[in-house]
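Report on the following structure.
The values are calculated or read from the model by the stated rules, or taken from the named source; none is laboratory data. Remember, it's a predicted structure, so these values are computed and weren't measured experimentally. A quick note on method: Cβ atoms are made from the backbone with ideal geometry, for glycine too, and the neighbour counts reach across all protein chains shown. In case anyone asks, the SASA skips ligands and DNA or RNA and just uses the protein heavy atoms, side chains included. Shrake-Rupley method; radii C 1.70, N 1.55, O 1.52, S 1.80 Å.
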Amino acid sequence: MHAATAEGPGRPDHSEVDALAGGAAGARALRPYVDAVLAALEEGATERQGPLPAGGPEAVAARVRQAARPLLPATGVGASGLRDLVRTVAAGSADPADPQCAAHLHTPPLALAAAADLAAAALNPSMDSWDQAPAASALEAETTAALADEVYPDSPRPDALVTTGGTEANQLALLLAREHLGPGVQIICGANAHHSIHRAAWLLGLRRPHTVPTPTGVLDPLAVRQVLRDTRNPALVIATAGTTDTGALDPLPELAAAARIRGARLHVDAAYAGLLLLAPRLAHLLKGLSEADSVTLDFHKLGWQPVAAGLFAVRDGADLKALDHRADYLNADDDTEAGLPDLLGRSLRTTRRPDILKIAATLKALGRDGFADLLERTVAAAHHLAALVDAHPGFELYAQPALTTVLFRPAAAADADVAGVRRRLLADGHAVLGRARPHAGGPLWLKATLLNPHAQPSDLAALLKLTAEAHQEGAPVR
Ligand SMILES: *Cc1c(COP(=O)(O)O)cnc(C)c1O
């Protein structure tokens, strides 16, 4: 245990540094490194003192260069290399657990989930065949079945796959549409849809998506009906539950009806809002979700998981047959017939992390009440921030938050000032806000995407104060 003690430069002692993480001895080998990592995380956060390192990209890169070089020394530095690099990365991190870090759908992971991820790393199951992941694959089957039932309570055989996130889940949605409707399938989405839809269409060799303008911020079912009437090809309609810019939710029941009437498939990208399903007081926002053929969910957004943790759910599990694939060394027919689960069709990836472990551990630890409480508190924080903005004479509020995103801007500021405020806060390391232009040609807004269930009213007031100060600082140089 000595080589990895927290203090000292760490002797180049290969007999320690090359210890393996697995088995009963693995846990012993891990402990000093985990201690070193925990110490480094604390040191890094103390050093940073805020949501973001001050000084901008060059200052951070210089510090990283200094810690990293030489990256492959002739003689290794031992465990001190771990501690130094973790401290450097921690000190130079954007920390989503800091309430002033609210730019993106960049979640503060739960400590419990991060600990589960450590177990996943140490055990290193690979989810492409049963003989690499006997229990992890069984847990995945349990958990995806339970989650598919949450999304599709009335379907006889829903199913769900674990993905690296919304991007991969949306790709699967388009791929299944291509497989079931043919390569001529016309994707129809709103201007408010996630950019990954367009990329997936490009990747899959599909025609360019028909993008319906969304002047109200959400997809208009009547406009979709019109496009469906005019489209000769079989179609996949994409709705969004929680847009990336504003958190708005498309009208799912009406869009489902529009798709149904025309025999089109419907995919709902619920990467942001989907887990509201688990909160009885918020689930009504997702009315109509279960009418979709497929749904994207992201546990690394409003699910407080470390990246990666995505889910792709389908109403009819038979849809997933299109992903079946054979590789004799992983799922030979006779192995499958003899009862070894065939996992290769559960993803387009081959080697695959057991991301389900942290998700399952979180659901079990929090329970429905605990999960709902986190969701409700986060939504309440967004409404509180919106109220503060509304009451502040120096700011304009875009709209009441639909979810947990609050758009605001210094009153009557030019776009360049709005962008400048954001960059000034980044450079000072005081706050991390995003930016959004929800309407093409409309003004630029600052975006606070709140995902921290522990954010207090005083944190939100401080965020507004910092923003006002950054605006004032910038005003003279306009
Ligand atoms: C975040 C997001 C995605 C992409 O998900 P990743 O997990 O980043 O791959 C897709 N759609 C929406 C609506 C999102 O918010």
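Amide hydrogen proximity for Phe395: with H placed 1.01 Å from N in the peptide plane, the residues at 5 or more positions away or on another chain lying under 5 Å are Ala411. Phi angles across the stretch 270-281 convert, under the Karplus curve 6.51 cos²θ - 1.76 cosθ + 1.60 with θ = phi - 60°, into 3J(HN,Hα) values of 10, 4, 8, 8, x, 7, 4, 3, 8, 10, x, 7 Hz, Gly and Pro given as x.
Backbone geometry of the stretch 128-139 corresponds, through the Karplus equation with coefficients 6.51, -1.76 and 1.60 at θ = phi - 60°, to 3J(HN,Hα) couplings of 8, 8, 4, 6, 10, 7, x, 7, 4, 6, 5, 5 Hz, x marking Gly and Pro. Of the residues Thr244, Gly205, Ser290, the one whose Cα sits farthest toward the positive end of the charge dipole of the stretch 117-364, with +1 on the Cβ of Lys and Arg and -1 on the Cβ of Asp and Glu, is Thr244.
In this simple spin-label approximation, Ala427 and Glu376 carry label points 7 Å from Cα along the Cα→Cβ vector, and these lie 4.4 nm apart.
Panel note: the C-alpha atoms of the stretch 36-172, placed on their principal axes, show extents of 57, 39, 28 Å (largest first). Compute the separation of the alpha-carbon centres of the stretch 392-444 and the stretch 115-191 and state it in Å as a whole number. Each part's Cα centre sits 35 Å from the other's.
Per-residue ellipticity at 222 nm from helix content only, as computed over the chain with -39500 (n - 2.57) for each DSSP H run of at least four residues, stands at -14000 deg cm²/dmol.
The listed peptides 167-173, 73-79, ordered by packing as a protection proxy, come out as 167-173, 73-79 (highest mean of other Cβ atoms within 10 Å first). Separation of the stretch 351-381 from the stretch 244-317 is 17 Å, based on Cα centroids.
Please report Rg over Rh for the stretch 262-349, where both radii come from the alpha carbon positions and Rh follows the Kirkwood definition. Don't skip to the end; give the middle numbers.
Values: Rg = 16.5 Å, Rh = 15.2 Å.
When Rh is taken as the Kirkwood radius, the ratio is 1.08.
What does the extension gain come out to for Thr75 and Ala97, with contour length at 0.36 nm per residue minus their alpha carbon separation? Write out the running numbers ahead of the final one.
On the way: separation 22, 0.36 × 22 = 7.92 nm, distance 3.68 nm.
Full extension of this stretch gives 4.2 nm more.
Going by accessible surface with a 1.4 Å probe and the largest first, Tyr33, Tyr329, Tyr398, Tyr272 read Tyr329, Tyr398, Tyr33, Tyr272. Out of every Cα-Cα pair that the stretch 171-231 contains, those further apart than 20 angstrom amount to 27 percent.
When the accessible area of the stretch 117-364 is split by element with a 1.4 Å probe, what percent falls to carbon and sulfur? Walk me through the intermediate numbers first.
Working: 5580 of 10390 Å².
Here carbon and sulfur together make up 54 percent of the probe-accessible area.
Dipole check for the chain: with +1 at the C-beta of Lys and Arg, -1 at the C-beta of Asp and Glu, and the Cα centre as origin, the magnitude is about 1360 Debye.
Per-residue surface analysis assigns Asp84 an accessible area of about 60 Å², computed on protein heavy atoms at 1.4 Å probe radius. Computed 3J(HN,Hα) for the stretch 58-73, one whole-Hz value per residue from the Karplus formula 6.51 cos²θ - 1.76 cosθ + 1.60 where θ = phi - 60°, is 5, 5, 5, 5, 5, 5, 5, 4, 4, 6, 8, 8, x, 6, 10, x, glycine and proline marked x. Average projection, convex hull of the Cα set of the stretch 26-93: 5.1 square nanometres.
Kirkwood analysis of the chain, using all unique Cα-Cα pairs, places the hydrodynamic radius at 24.3 Å. I need the shape label for the stretch 117-364. Rule: rounded when a/c is under 1.5, else prolate if a/b > b/c, else oblate, with a, b, c from the alpha carbon gyration tensor. Prolate shape, in that a/c is at least 1.5 and a/b is the bigger ratio.
Of the trypsin sites (Lys or Arg not before Pro) found in the stretch 273-346, those in coil by DSSP whose Cβ has at most 12 other Cβ atoms within 10 Å are Arg281, Arg326. Of the residues Gln456, Ala94, Ala414, the one whose Cα sits farthest towards the positive end of the charge dipole of the chain is Ala414 (charges of +1 on Lys and Arg Cβ, -1 on Asp and Glu Cβ, taken about the Cα centre). DSSP bridge analysis restricted to the chain gives an antiparallel fraction near 55%, rounded to the nearest 5. Taken per residue, the accessible surface of the stretch 26-93 reaches 58 Å², heavy atoms only and a 1.4 Å probe. Charges were assigned to the Cβ only: +1 to each Lys and Arg, -1 to each Asp and Glu. The resulting dipole of the stretch 366-472 about its Cα centre is roughly 300 debye.
Lysines near Lys358 by alpha-carbon distance under 30 Å, same-chain residues fewer than 8 away left out - which ones? Straight-line reach from Lys358, under 30 Å: Lys287, Lys301, Lys321, Lys447. Relative to the globular-protein estimate of 2.2 N^0.38 Å, the Cα radius of gyration of the stretch 366-472 stands at 1.09.
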